[in-house]
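One structure is given below, encoded as structure tokens.
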Amino acid sequence: MGEVVLRLEGITKNFGALKANENVSLNLEKGEVLALLGENGAGKTTLMNILFGQYTADSGRVEVFGKTLPPGMARAALDAGVGMVHQHFTLAHNLSVLENVILGTSSLWSWKLQYKQARQQLLELANRYHLKINPDAKVSALSVGERQRVEILKALFRQAKILILDEPTAVLTPQETESLFKTLTEATEQGLSIIFISHKLHEVMKIAQKVAILRHGKLIATKETRETSPNELAALMVGNPIRPPAVTERDSGPVVMELLNVSTESQHHSKGLKNVSMRLCSGEIVGLAGVSGNGQTSIADLVAGLITPSQGKLHLDGKPIDQWSPRQSVLSGIARIPEDRHHAGTIADFSLTENSIIERYRDQPFARHGWVNWQAAEGFTQELIRQYDVRCPGPDTRIRLLSGGNMQKLILGRVLQNDPRVILAHQPSRGLDIGAVHYVHKKLLEARQKGATILLISEDLDEILQLSDIIHVASAGRVSPPFQRGKVTPTELGGWMSGAAFAKQETLHAP
């Protein structure tokens with residue numbers, strides 16, 4: 001047993017009748033990586049919020065380096081040496097790396113006096129932990145991997161001795177993940193302790209020494225990684241053995257949709273497309289991999305009718321599309337699982353019934369003489385709830401009250417229930433636990449088997465490799481040539497994701 005640096009004892013937290021945490025006790029030792037696993041809604045976030053003083057536990061206590069933290073005081077954990085890197089980075093893009101790191105550490109009036117000292121301290125930390133960064137670079141000009149380094153350095157600059165990482169590899173290339181793991185290993189050798197929250201079990205097995213599994217708010221088990229397996233951890237998370245759905249070989253059908261030399265204008269969070277060509281065939285899953293912001297959103301919006309090409313053509317069934325809109329996309333049999341289920345996939349204060357028909361309320365059987373047929377709509381929603389195991393009080397429930405997994409199940413049912421010709425699956429399993437991920441994958445494969453065309457856009461390379469018949473990679477608005485399933489390695493795809501393979505290709509074809 002090593003030195004215990006963090007101790008959670010008997011943590012219990014209720015939200016009305018819901019037990020978010022029930023008598024949870026955990027220890028973290030110096031220089032240890034502890035992975036925290038659990039289904040969506042298992043209580044991981046609540047536990048971390050209690051640790052940071054954002055929630056107050058109904059009972060139990062948090063102890064850091066032998067001292068009990070006062071409950072409900074967010075600053076106390078930070079002052080005690082606990083830092084957190086969130087899945088969605090919290091950086092000011094218009095400021096430099098150094099300005100982001102020192103922001104909030106002292107009075108604004110003392111910045112000039114401490115600027116030189118802070119810069120030297122940042123460079124020493126970057127060198128010590130092999131987190132190469134330019135202190136003067138604007139955050140807006142950094143890659144995703146570099147921004148994550150800034151987040152980690154920001155925590156270390158505040159003298160964090162315990163670091164909590166929430167889904168740290170979700171937006172990284174394979175090479176960036178390897179680099180991060182090397183850094184974390186070196187950091188723990190120097191005494192840093194880490195809580196690693198992830199849904200990627202193979203990464204947990206690689207980086208963590210110990211795993212704690214939560215289920216329905218309770219600590220189910222604590223395992224040494226050397227004494228367990230991904231299959232055992234998955235079974236502990238969901239309560240029964242689970243296996244990923246099998247992907248059977250299938251011949252592709254005719255081309256349903258095609259992008260021919262398409263270019264688009266840049267959008268707020270995504271680069272515009274540059275002369276992109278892609279084919280989507282029936283009975284085929286085409287995977288589009290890439291780090292966020294490299295043009296995937298532009299392709300998704302193009303297919304969904306939200307934008308039109310500035311150059312090039314979009315073809316449907318071999319014919320060029322002249323008039324294209326979201327309504328035309330829906331009428332053409334294109335169904336969308338949007339990237340952001342909260343902001344683009346649902347309306348929070350609408351009921352499940354209202355959200356179930358939101359894209360089809362003007363169509364039969366939900367429209368009758370210009371009015372919504374609420375009886376038909378509610379019957380349709382009840383069938384979705386039953387078929388897709390949406391756990392909720394009933395069809396009148398406000399959708400914001402559902403967990404992310406159940407919200408995604410309703411969207412999935414809304415999309416698949418009408419046997420669409422084309423399914424735009426944009427980050428369909430983002431933020432879902434392994435049981436929900438397998439469920440989503442199973443449903444997409446069933447649609448493929450029925451002959452649907454599926455465009456799978458995902459930052460999860462494992463998901464792309466597992467499901468896709470054809471794989472493309474997006475980088476800086478460009479799209480790679482197609483790769484057949486099993487004909488390309490994660491490392492090779494990582495080269496395309498980083499842009500290096502595009503540069504090599506352009507050099508080879510240069511006059």
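Listed values, structure above:
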{"quantity": "Test for Pro420: is it under 25 Å from Glu39 (Cβ atoms), touching a strand residue (DSSP E or B) at 6+ places or on another chain (Cβ under 8 Å) and assigned to a loop (DSSP other than H, G, I, E, B)", "calculated": "no"}
{"quantity": "Region 208-229, residues that are under 24 Å from Arg243 (Cβ atoms), in contact with a strand residue (DSSP E or B) (Cβ under 8 Å, 6 or more places away or on another chain) and either crowded, with 21+ Cβ neighbours inside 10 Å or among the small types (Gly, Ala, Ser) (or both)", "calculated": "Ala208, Val211, Ala212, Ile213, Leu214, Ala221"}
{"quantity": "Residue among Leu156, Leu192 that alone is touching a Phe, Trp or Tyr at 6+ places or on another chain (Cβ under 8 Å), within 17 Å of Val82 (Cα to Cα), surrounded by 21 or more Cβ atoms within 10 Å (Cβ to Cβ) and modelled with pLDDT of 85 or more", "calculated": "Leu156"}
{"quantity": "Every pair of residues 6+ apart whose Cβ atoms lie under 6 Å, when the first sits in region 193-221 and is among the β-branched types (Val, Ile, Thr) while the second is part of a loop (DSSP other than H, G, I, E, B)", "calculated": "Val204/Ser198"}
{"quantity": "Failed item, numbered, when Thr248 is tested on (1) more than 25 Å from Gly145 (Cβ to Cβ); (2) at pLDDT 95 or above; (3) not basic (Lys, Arg)", "calculated": "(2)"}
{"quantity": "Unmet criterion (only one of (1) exposed (fewer than 13 other Cβ atoms within 10 Å of the Cβ); (2) outside any loop (DSSP other than H, G, I, E, B)) for Lys409", "calculated": "(1)"}
{"quantity": "Among the residues listed as Leu259, Leu233, the single one being outside the structural domain of Leu302 (by TED's automatic domain parsing), crowded, with 16+ Cβ neighbours inside 10 Å, not acidic (Asp, Glu) and not in a loop (DSSP other than H, G, I, E, B)", "calculated": "Leu233"}
{"quantity": "Residue satisfying condition, being exposed (fewer than 13 other Cβ atoms within 10 Å of the Cβ) and assigned to a loop (DSSP other than H, G, I, E, B), within set Gly31, Gly104", "calculated": "Gly104"}
{"quantity": "Which listed residue is of a type in the set (D, E, K, R) and under 18 Å from Asn294 (Cα atoms), from Arg430, Arg448, Arg421", "calculated": "Arg430"}
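For every residue, the table says whether it meets (1) at pLDDT 90 or above; (2) over 30 Å from Ser252 (Cβ atoms); (3) of a type in the set (Ser, Thr, Tyr).
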{"site": "Thr346", "(1), (2), (3)": "yes, yes, yes"}
{"site": "Arg360", "(1), (2), (3)": "no, no, no"}
{"site": "Ala367", "(1), (2), (3)": "no, yes, no"}
{"site": "Gly379", "(1), (2), (3)": "yes, yes, no"}
{"site": "Pro395", "(1), (2), (3)": "yes, yes, no"}
{"site": "Leu402", "(1), (2), (3)": "no, yes, no"}
{"site": "Arg421", "(1), (2), (3)": "yes, no, no"}
{"site": "His426", "(1), (2), (3)": "yes, no, no"}
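The values are calculated or read from the model by the stated rules, or taken from the named source; none is laboratory data. Everything numeric in this text was worked out from a predicted model, so none of it was measured. Methodologically, a virtual Cβ is constructed for each residue, glycine included, from the backbone with ideal geometry; neighbour enumeration extends over all protein chains shown.
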